[in-house]
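S.K.: First, the structure itself, so that you have it in front of you.
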Amino acid sequence: MKQSQLFTKTIKEDPKDETSLNAKLLTRGGFVYKEMAGVYTFLPLGLRVIEKIKQIIREELNAVGALEMKLTSLQQKENWEKTGRWDDKVVDDWFKTKLKNGTELGLAFTHEEALTNIMKNFVSSYKDLPIYTYQFQTKFRNELRAKSGLLRGREFIMKDLYDFSLTKEKHEEFYEKMKGVYKKIFNRIGIGDKTYLTISNGGTFSKYSFEFQTLCEAGEDILVFDKKKNIAINKDDFNDEVFKDFNINKKDYNFIEKKSAEVGDIYNLGDKYSKALGLTYADKDGKEKSIFMGSYGIGVPRVMAVVAEIYNDKNGLIWPESVAPFKVHLISLNQNKKAEKIYNDLQKQGIEVLYDDRDIAPGAKFADSDLIGIPYRIVISERSLKSGGVELKKRDKEKSEIIDVRKVIKKLG
RNA sequence: CGGGGUGUGGCCUAGCUGGCUAAGGCGCACGGUUUGGGACCGUGAGAUCCCGGGUUCGAAUCCCGGCACCCCGACCA
């Protein structure tokens, strides 16, 4: 992409209505625009990051046989009444609306009911199971208080996966598998070493569930963990009962506390939804059986925000290569003819490049480049050409190197 | 939802104990000079001072009501 065509502009000053680092950096860099508290538009650069994160998730989920689909945001109340979740006293963060004729609708804050209902059309025999399916979908949650920039929003993209399994045991097998899949996803995104599989309250379906918590100052949770022994417990659930249930002798561990953000969660749903909505299958002996389910969420913008919180310096963002909006930021200082060729050659190699072809001062280009935080920066200028080529610098390094124009593409490819 | 804070051109701010044409910086347009770390000079455009009501000769400024945003807390499959 040519930067002259990028309509967003970087902003020098912090926006006055943001306090959190993620929102400040993402706003200043032109990644997001705040429509209202907890509701953000993804601008071209921001959307590229979102899509990178989605693609990593997609690849890992597809690898375990999950199929992508997309449900609707508008929901009729009928299915929700069957599970008791239409009631505002039970679920207090509904956004509800009405059809012209007065029919009540809800904007989905999750999709267990809708999906389970759909599956009634496709599942009747044990031969039809298991089913693993997921979507990237906008969730609406009428939070009392949106906060921390993109970390807690009222409208956000969520990856939610659901498993429909033959038995509790089969479901649990998949559940265990997903722990590894999530670990892999967060590793690829670049936050793996700060992300912990965390023991947490299980809610109504099982005594415990697991969250993926990433150490991060802006987070809302407090993680109690032992890095060496790789164990973490949400502080809310750090008590004798947990120690007993997980066979933990507190003296053997060196627990410390730090703030963290929940980037993913995996839940056992048991047969609550399948039962309530009448989703069953006929087993080999023809007997009707319950289906066991789980749900597995990842808040995509939240992951983006957490990455922004972790990877930055005083000059701006430093995206990990895996989720960066572009791999290379090509900066031309009055050498647009030569730069154009490099730009084309890089693109031919399939390397994503943002090419700063604008006619502005060098300092402004460097400042923008640092703020936007693309991993590799190539500068082509009279000076670099005199030294023998182009200057290549990594965003997170101080030093740069001069490389022959023909070799830089090979090096990055 | 309780408490605290803030709302002034596209962005960041000053002005707020009432008083002249609402000031500055960034950005934007035009002209010129610049060209390796957000350049400089000049000219110019751009404002329902969050909204509604009130007090007053006169309101960005004072009073009342509302809305929005930020923070703390509560809440949070």
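S.K.: Scan the range A:389-413 for residues that are in contact (Cβ under 8 Å) with a residue 40 or more places away in the chain and assigned to a helix (DSSP H, G or I) and jot them down.
M.R.: A:405, A:408, A:409, A:412
S.K.: Which condition number in (1) surrounded by 17 or more Cβ atoms within 10 Å (Cβ to Cβ); (2) assigned to a helix (DSSP H, G or I); (3) away from RNA strand B (no atom under 14 Å from the Cβ) is the one that residue A:164 fails?
M.R.: With (1) surrounded by 17 or more Cβ atoms within 10 Å (Cβ to Cβ); (2) assigned to a helix (DSSP H, G or I); (3) away from RNA strand B (no atom under 14 Å from the Cβ) applied to residue A:164, the lone miss is (2).
S.K.: Here is a check on your reading of the model: is residue A:323 touching a strand residue (DSSP E or B) at 6+ places or on another chain (Cβ under 9 Å), of a type outside the set (Ser, Thr, Tyr) and touching a residue at least 24 places away in the same chain (Cβ under 8 Å)?
M.R.: Criteria not met by residue A:323.
S.K.: Out of (1) modelled with pLDDT of 95 or more; (2) of a type in the set (Lys, Arg); (3) more than 18 Å from the chain's Cα centre (by Cα), the odd one out for residue A:89 is which?
M.R.: Every listed condition holds for residue A:89 apart from (1).
S.K.: How many of the residues making up the range A:80-104 are surrounded by fewer than 16 Cβ atoms within 10 Å (Cβ to Cβ), closer than 25 Å to residue A:152 by Cα and charged (D, E, K, R)?
M.R.: Here the count works out to 6.
S.K.: Return the residue satisfying two criteria in turn: it lies in the range A:349-375 and is without any contact (Cβ under 8 Å) to a residue 60 or more places away in the chain, assigned to a helix (DSSP H, G or I) and within 6 Å of RNA strand B (Cβ to nearest atom), and of such residues it is surrounded by the fewest Cβ atoms within 10 Å (Cβ to Cβ).
M.R.: Once the filter is applied, the top-ranked residue is A:363.
S.K.: Sort through A:240, A:245 and tell me the only one that's in contact with a Lys or Arg (Cβ under 8 Å, 6 or more places away or on another chain) and either more than 30 Å from residue A:50 (Cβ to Cβ) or within 11 Å of RNA strand B (Cβ to nearest atom) (or both).
M.R.: So the residue among A:240, A:245 that is in contact with a Lys or Arg (Cβ under 8 Å, 6 or more places away or on another chain) and either more than 30 Å from residue A:50 (Cβ to Cβ) or within 11 Å of RNA strand B (Cβ to nearest atom) (or both) is A:245.
S.K.: Right, something else. State all residues of the range A:118-154 that are assigned to a helix (DSSP H, G or I) and either within 16 Å of RNA strand B (Cβ to nearest atom) or buried (at least 20 other Cβ atoms within 10 Å of the Cβ) (or both); if no residue qualifies, say none.
M.R.: Correct list: A:119 only.
S.K.: Here's another thing I want to ask about it. For residue A:196, work out the one condition from (1) under 23 Å from residue A:61 (Cβ atoms); (2) in a helix (DSSP H, G or I) it doesn't fulfil.
M.R.: It fails just one condition, (2).
S.K.: Please identify the pairs in which a residue from the range A:8-23 that is under 16 Å from residue A:37 (Cα atoms) has its Cβ atom under 9 Å from the Cβ atom of a residue that is among the aromatic types (Phe, Trp, Tyr) and more than 6 Å from RNA strand B (Cβ to nearest atom), counting only partners at least 6 apart or on another chain.
M.R.: From the range A:8-23, the pairs are A:23/A:40.
S.K.: Restricting attention to the range A:262-276, which residues are more than 11 Å from RNA strand B (Cβ to nearest atom) and among the small types (Gly, Ala, Ser)?
M.R.: Answer for the range A:262-276, where residues must be more than 11 Å from RNA strand B (Cβ to nearest atom) and among the small types (Gly, Ala, Ser): A:264, A:274, A:276.
Condition check ((1) under 17 Å from the mean Cα position of the chain (by Cα); (2) surrounded by fewer than 13 Cβ atoms within 10 Å (Cβ to Cβ)) across all residues:
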site: A:53; (1), (2): yes, no
site: A:57; (1), (2): yes, no
site: A:75; (1), (2): no, no
site: A:78; (1), (2): no, yes
site: A:114; (1), (2): no, no
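S.K.: Oh, and also: Kindly provide the set of residues from the range A:198-229 that are surrounded by fewer than 20 Cβ atoms within 10 Å (Cβ to Cβ) and within 16 Å of RNA strand B (Cβ to nearest atom), ordered by number.
M.R.: Across the range A:198-229, the qualifying residues are A:201, A:202, A:203, A:204, A:205, A:206, A:207, A:208, A:217, A:220, A:221, A:222.
The values are calculated or read from the model by the stated rules, or taken from the named source; none is laboratory data. The structure displayed is predicted, hence computed values, not measured ones. All Cβ positions, glycine included, derive from the backbone under ideal geometry; neighbour counts span all protein chains shown.
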